[in-house]
Amino acid sequence: MTKFLIERNFGHITSEELAQNATRSLRTIKESFPQLTWEYSHVLKTKDGIRTACVYLGPTEEMVREHSRQANLPLESVSPVIGTVTPKDFEG
């Protein structure tokens, strides 16, 4: 499985609307995309509204994109994660 970072821009939505989107995403995974795993999301408050950076595991980028389409979720980008670093990786 490949790890993907998915960036979404929800605009100015409420916490309740964000929760509804998350519920719809999970339902779509369960019903149509059992090969996908939503690991976690960072929720960001920006001047343009709510954005998320989500980490998913899945077989293909196309499947991640199709999940977003079927769940009616905004999708700005999908990028394969090729590594993770922490400050400890650079301590001398």
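Counting beta carbons within 10 Å around each of Arg8, Arg51 and listing the fewest first gives the order Arg51, Arg8.
Would you work out the relative contact order for the chain, in percent, from Cα pairs under 8 angstrom that are 6 or more residues apart? RCO, the chain: 44 percent.
A Förster distance of 35 Å, applied to the separation of the beta-carbon atoms of Ala19 and Ile82, puts the FRET efficiency at 0.65. Exposed loop sites here are GluC sites (Glu not before Pro) assigned a DSSP state other than H, G, I, E or B and surrounded by at most 12 other beta carbons within 10 Å; excluding them, the longest clear run of the chain is 1-75. Net charge in the neighbourhood of Arg24 (other residues with Cβ under 14 Å of its Cβ; Lys, Arg +1, Asp, Glu -1) is +1. Here the residues Lys30, Lys88, Lys3, ranked from fewest to most Cβ neighbours within 10 Å of their Cβ, fall in the order Lys88, Lys30, Lys3. Quick one: net charge around Glu7, please, counting Lys, Arg +1 and Asp, Glu -1 for every other residue with C-beta under 9 Å from its C-beta. Net charge in that neighbourhood comes out at +1.
Taken together, the values in this text are just the output of simple stated rules run on the coordinates, not laboratory data. Not measured: the values here are computed from a predicted model. Note that each Cβ is placed from the backbone with ideal geometry, even for glycine, and that neighbours are counted across all protein chains shown.
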